[in-house]
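Everything below concerns the one structure shown next.
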Amino acid sequence: MQRENFGNRFGVLVAMAGSAIGLGNLWRFPYMVGEYGGAAFIFVYIICFFLLCLPILIAEITIGRRSQTNAFRVFHKLAPGSRWNLVGILMVATPIIVVSYYSVIGGWSVEYFVKACSLDFSPGAGPEAGFGDIFGSFISSVWAPVLYHTFYLLVTAAVVAVGVKSGIERFGKIMMPLLFVIMIVIAVRSATLPGAGDGLEWLFRPDFSKIDASVCAAALGQGFFSLSVGFGIMLTYGSYISKKENIAVSSAYTAVSDLVFALIASCAIMPAVFVFGLDPSEGPGLVFETLPFIFSNMPLGGLVSILFFLALIVAALTSSISLFEVGVAYLMEEKHVSRKKACVIIFVLTWALGVLCSLSFGPLSDLKLFGNTLFDFFDKLSANYLMPSGAFLIVLFVGWRMKKSDVREEFTNRETLSGNARIFPVVYFLIKYMAPVAIVVIFLTNLL
């Protein structure tokens with residue numbers, strides 16, 4: 001079976017950027033900005049993002065391309081016969097867990113896009129009951145969330161089933177530019193609301209007195225979460241990259257795209273929240289409760305709501321596709337099944353887990369694991385433990401297990417990239433020494 005690869009540089013860039021840009025950019029980043037002091041958090045975040053998060057992304061892509069195999073086989077190939085082989089299990093299991101509950105939220109996005117198209121969020125069309133009650137009633141029901149979860153996951157599987165070049169790459173080429181255009185339009189509309197200037201000032205004028213250890217830890221955690229490092233995604237995508245591609249450029253483009261989109265999303269959301277005197281709430285509450293209220297009270301709110309929830313679906317899909325692909329690549333190369341059959345297997349597995357997560361808001365709400373519903377358990381397990389563990393093991397492998405000459409060879413394309421050769425000592429130092437310390441700090445922060 002001939003191994004698939006991305007077709008060209010633009011395909012590589014949009015696929016990797018699509019993987020990084022997801023739901024977290026649209027609700028988690030704006031919430032974190034609000035929670036940790038606005039511009040002060042953004043200032044710290046940008047520093048951490050490029051000094052620590054970007055090198056980890058480079059490390060993951062490096063071993064992916066070096067191995068030219070799936071996330072499970074990477075460590076078998078680069079460190080044969082060692083205990084590093086066990087890391088491959090983590091790299092495949094984590095994205096399967098994540099996409100199972102991620103697709104539930106993706107299904108909510110589809111439902112709210114349908115509501116927006118029905119003009120439920122147009123000015124004067126708001127429900128008599130609060131939007132929080134409407135959202136709570138929807139997610140606690142049985143059939144509707146499961147059906148939307150099923151539809152969303154079917155779309156994800158369908159794109160992946162077509163292939164790397166014809167499915168994942170083509171989808172990214174169409175949807176990523178569309179996503180940026182939509183969010184820029186919404187940001188402009190939000191920024192032109194009366195009183196929005198105060199919200200923008202709050203976003204971009206830092207109060208350095210608010211910077212402390214908790215802000216730094218939160219910024220680091222958000223950076224890792226946003227770039228999706230440690231999930232096995234970039235290992236898999238890295239293995240699809242040609243040996244001629246510049247890893248540093250591809251990684252930097254991915255990081256910059258992710259950062260710019262997060263800032264655009266903040267400009268689209270936070271000024272409007274500020275204008276209406278509301279406080280951002282974490283996670284789904286901001287997107288599915290606060291924003292519908294804003295849309296129903298702002299001029300052109302109906303159109304803006306349609307665009308926003310369309311953007312939410314696109315952002316969710318580009319990420320879930322990359323998560324889904326990790327398991328598919330594993331089955332194709334390790335179990336020697338066709339891509340379509342692998343998609344069916346991963347679909348059934350993630351659909352079943354997703355149904356349990358969806359029902360944990362309703363009939364299964366009393367079923368607890370370590371005091372958490374199934375949805376919260378999978379969310380916390382992946383974000384607080386599996387992702388940091390995966391990222392930590394990756395930087396340890398690149399910094400301490402691989403030969404430095406092999407890492408340099410991959411980073412410089414066999415010394416043909418003089419610019420990469422000049423910055424390699426700095427990048428390698430960050431991967432080997434700084435990144436592991438930063439990940440340990442995040443891990444300990446999550447435990448405390």
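The values are calculated or read from the model by the stated rules, or taken from the named source; none is laboratory data. Model, not experiment: these values are computed from the prediction. Positions of Cβ are backbone-derived with ideal geometry, glycine not excepted, and every protein chain shown enters the neighbour counts.
Within the option set Ser190, Ser251, Ser242, Ser214, being more than 21 Å from Tyr102 (Cβ to Cβ), hydroxyl-bearing (Ser, Thr, Tyr) and touching a Cys at 6+ places or on another chain (Cβ under 7 Å) holds for one residue only, Ser190. The sole residue among Thr445, Thr416 that is in a loop (DSSP other than H, G, I, E, B), farther than 22 Å from Trp84 by Cβ and among the β-branched types (Val, Ile, Thr) is Thr416. Candidates Ser214, Ser242, Ser281, Ser209: the one that is farther than 27 Å from Pro425 by Cβ, hydroxyl-bearing (Ser, Thr, Tyr), at pLDDT below 90 and not in a helix (DSSP H, G or I) is Ser281.
When Ala161, Ala157, Ala191 are checked against the criterion of being more than 19 Å from Asn70 (Cβ to Cβ) and either surrounded by 15 or more Cβ atoms within 10 Å (Cβ to Cβ) or aromatic (Phe, Trp, Tyr) (or both), a single residue qualifies: Ala191. Being more than 22 Å from the chain's Cα centre (by Cα) and part of a loop (DSSP other than H, G, I, E, B) is a property that Leu193 has. Evaluation of Val142 against the conditions (1) modelled with pLDDT of 90 or more; (2) buried (at least 18 other Cβ atoms within 10 Å of the Cβ) shows that the sole unmet condition is (2).
Check off (1) at pLDDT below 90; (2) within 23 Å of Val164 (Cβ to Cβ) for Ile233 and give me the number that stays unchecked. Condition not satisfied by Ile233: (1).
Against the numbered list (1) surrounded by fewer than 20 Cβ atoms within 10 Å (Cβ to Cβ); (2) farther than 16 Å from Val99 by Cα; (3) not acidic (Asp, Glu), Leu356 comes up short only at (2). At least 1 residues being over 30 Å from Glu333 (Cα atoms), of a type in the set (Ser, Thr, Tyr) and touching a residue at least 24 places away in the same chain (Cβ under 8 Å) is the threshold, and among the helices (runs of 4 or more DSSP H) wholly inside segment 74-174 those reaching it are 87-117, 131-140, 143-162.
For segment 198-219, residues that are free of Cβ contacts under 8 Å to residues at least 12 places away in the same chain and either touching a Leu at 6+ places or on another chain (Cβ under 9 Å) or farther than 20 Å from Met32 by Cβ (or both) total 0. State yes or no: is Val162 β-branched (Val, Ile, Thr) and more than 30 Å from Tyr240 (Cα to Cα)? So Val162 fails the test. Filtered by the rule that a residue be more than 15 Å from the chain's Cα centre (by Cα) and either of a type in the set (Gly, Ala, Ser) or buried (at least 23 other Cβ atoms within 10 Å of the Cβ) (or both), segment 7-30 gives Gly7, Gly11, Val12.
The residues listed here are Glu289, Glu333, Glu325; of these, the one that is over 24 Å from the mean Cα position of the chain (by Cα) and in contact (Cβ under 8 Å) with a residue 24 or more places away in the chain is Glu333. You will find that of Val395, Val426, Val407, the residue that is part of a helix (DSSP H, G or I) and either surrounded by fewer than 14 Cβ atoms within 10 Å (Cβ to Cβ) or without any contact (Cβ under 8 Å) to a residue 40 or more places away in the chain (or both) is Val426 and no other. The sole residue among Thr373, Thr412, Thr416 that is without any contact (Cβ under 8 Å) to a residue 24 or more places away in the chain and within 23 Å of the chain's Cα centre (by Cα) is Thr373. Of all residues in segment 40-61, none that is under 18 Å from Leu13 (Cβ atoms) and free of Cβ contacts under 8 Å to residues at least 60 places away in the same chain has its Cβ atom under 6 Å from the Cβ atom of a residue that is of a type outside the set (S, T, N, Q) and assigned to a helix (DSSP H, G or I), 6 or more apart or on another chain. Count of segment 377-422 residues, restricted to those that are at pLDDT below 90 and closer than 30 Å to Ser140 by Cα, is 9.
For segment 164-188, a residue qualifies if it is more than 30 Å from Thr69 (Cβ to Cβ) and surrounded by fewer than 16 Cβ atoms within 10 Å (Cβ to Cβ), and the qualifying residues are Pro177, Leu178, Val181, Ile184, Val188. Within segment 205-257, the set of residues being buried (at least 17 other Cβ atoms within 10 Å of the Cβ) and among the acidic types (Asp, Glu) comprises Glu245 only.
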